[in-house]
Amino acid sequence: MPFHEGELAVQQQAGVEAAAQRVSGALKHGFEPAATEFLRSRPFAIASSIAPSGRLWASLITGPPGFLTVTGPQTLNVNPISTLDSQLLQNLHINSAIGLLTLDLSARRRLRVNGYAENVAEQGMQLQVQQVFFNCPKYLQTRYLISNDHARATPAPAESASHLSSAQQDWIAYTDTFFIATAHPKKGADISHRGGFPEVLQVVNPNQLLFPDYKGNNMFQSFGNIAVNPQVGLLIIDFDHGHTLQLTGKAELLWDDPRQQQFNGAQRLVKVTIEQVREIRHVCPLRWQFGEFSPVIPPQLSAP
């Protein structure tokens, strides 16, 4: 059975069990040539990890092309890492479950790798992989990498708080891309991408966010995890200046909320209650130039 009980429950509630089974063949247990080649050229990835408290974190890691190297049918070396978030490092020393997502934003391609980390150190780690799969390009905005200067990354100390500041709320209001970490108690961690026009991630108040779920691949890996474990982590990247904003808290799937009408094309909503905020400025050495919004974002959500 390719799906766990949470995924099956969400698929059933959405009425897409047959459709999910049809696409389940995309889930691989190891690396095929296309995935190996894709990883070799990537300069960054997003990783999910689980803190001792059970909270989830989504973290940015970067390195020169080749820092993600497949060394066996189910083995991935992540080494060296130019940006290894201390929160990620601490978490993996306690709980080795990890989800990894890497993207080519210019080609609107993304690959997810889920498994367990070994030999974790500041210099890198090795992943024993259980699941590898390409995702469709839906809702990915096109961005072009224009700079990859590792000398540029001079991270400021992380700033932590229990709620969003006014400046962080403004940042979120302009966000068109974010990443969500989820985990199953026995199946491990996962990380996924979400995208739309600005305000796709709506600030309800300093401790609560709301975002729509548009039609996807029907497998519901993220939502299936949330159904059995509400802990989530969000990562927002400032693609222009290299800052990151990490949020951790709990998510709830909303199937019949009247606010769904605010988001054209939304099939359901997700409410995130924020428990901790972590901002790191100048942490990312990469800079991107915006290209265009995904052509499949529902048209009534017009771009500014």
Return the Rg/Rh ratio of segment 85-152 with Cα-based radii and a Kirkwood Rh. 1.04
Per its Cα gyration tensor (rounded if a/c is under 1.5, else prolate when a/b beats b/c, else oblate), segment 237-304 is best filed as oblate
Using +1 at the Cβ of each Lys and Arg and -1 at the Cβ of each Asp and Glu in the chain, identify which of 77, 284, 44 lies farthest towards the dipole's positive end. 77
Check: C-alpha center segment 30-74 vs C-alpha center segment 92-158, spacing in Å is 4 Å
Using Cα pairs closer than 8 Å and at least 6 residues apart in sequence, work out the relative contact order for segment 1-132, in percent. 24 percent
In segment 169-273, the chymotrypsin sites (Phe, Trp or Tyr not before Pro) that sit in a DSSP loop and have at most 16 other Cβ atoms within 10 Å of their own Cβ are 174, 255
At 1.4 Å probe size, with every protein chain present, just tell me what the per residue accessible area of segment 202-281 comes to in Å². 34 Å²
Pairwise FRET efficiency - residue 148 versus residue 116, Cβ, R0 = 30 Å, nearest 0.05: 0.55
Length-normalised contact order for the chain - Cα pairs under 8 Å, 6+ apart - percent: 21 percent
With +1 on the Cβ of every Lys and Arg and -1 on the Cβ of every Asp and Glu, and nothing else charged, how large is the dipole of segment 25-123 about its Cα centre, in debye rounded to the nearest 20? 340 debye
Would you please classify the overall shape of segment 9-90 from the alpha carbon gyration tensor, given that a ≥ b ≥ c denote the square roots of the eigenvalues, rounded means a/c under 1.5, and beyond that prolate means a/b larger than b/c while oblate covers the rest? oblate
Compactness of segment 200-264 - radius of gyration and Dmax, Cα, Å: 13.4, 38
Long pairs among 28/250; 28/215; 215/271; 250/271, criterion Cα-Cα beyond 19 Å: 28/250; 28/215
Work out, step by step, the length gained on full extension between residue 170 and residue 257: first 0.36 nm times the residue separation, then minus their alpha carbon distance; give nm to one decimal. 28.9 nm
Using a 1.4 Å probe over the heavy atoms of the protein chains, calculate the carbon and sulfur portion of the accessible area of the chain as a whole percent. 50 percent
Does segment 56-193 come out rounded, prolate or oblate by the C-alpha gyration tensor, with a ≥ b ≥ c the root eigenvalues, rounded set by a/c under 1.5 and, if not, prolate when a/b is larger than b/c and oblate if not? rounded
Given a Förster distance of 22 Å, the FRET efficiency implied by the Cβ-Cβ spacing of residue 296 and residue 107, rounded to the nearest 0.05, works out to 0.90
Can you find, among 206, 221, 180, the residue sitting farthest towards the positive end of the charge dipole of segment 165-223, where Lys and Arg contribute +1 and Asp and Glu -1 at Cβ? 221
With Kirkwood's inverse mean 1/r over C-alpha pairs for Rh, give me the Rg to Rh ratio of the chain, two decimals please. 0.93
Taking the Cα centre of the chain as the origin and placing charges on Cβ (Lys, Arg +1; Asp, Glu -1), which of 59, 243, 146 is farthest toward the positive end of the dipole? 146
Please list, or write none, the aspartates and glutamates whose alpha carbon is within less than 13 Å of the alpha carbon of residue 187, excluding same-chain residues fewer than 8 places away. 5, 7
Charges only on Cβ, +1 for Lys and Arg, -1 for Asp and Glu: so what's the dipole of the chain about the Cα centre, in debye to the nearest 20? 420 debye
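The values are calculated or read from the model by the stated rules, or taken from the named source; none is laboratory data. Owing to the predicted nature of the structure, the values given are computational and were not obtained by experimental measurement. Neighbour counts are summed over all protein chains in view; Cβ atoms, including those assigned to glycine, are modelled from backbone coordinates with ideal geometry. Each accessible area value is taken on the protein alone, full model and side chains, heavy atoms only, with ligands, DNA and RNA left out. Shrake-Rupley method; radii C 1.70, N 1.55, O 1.52, S 1.80 Å.
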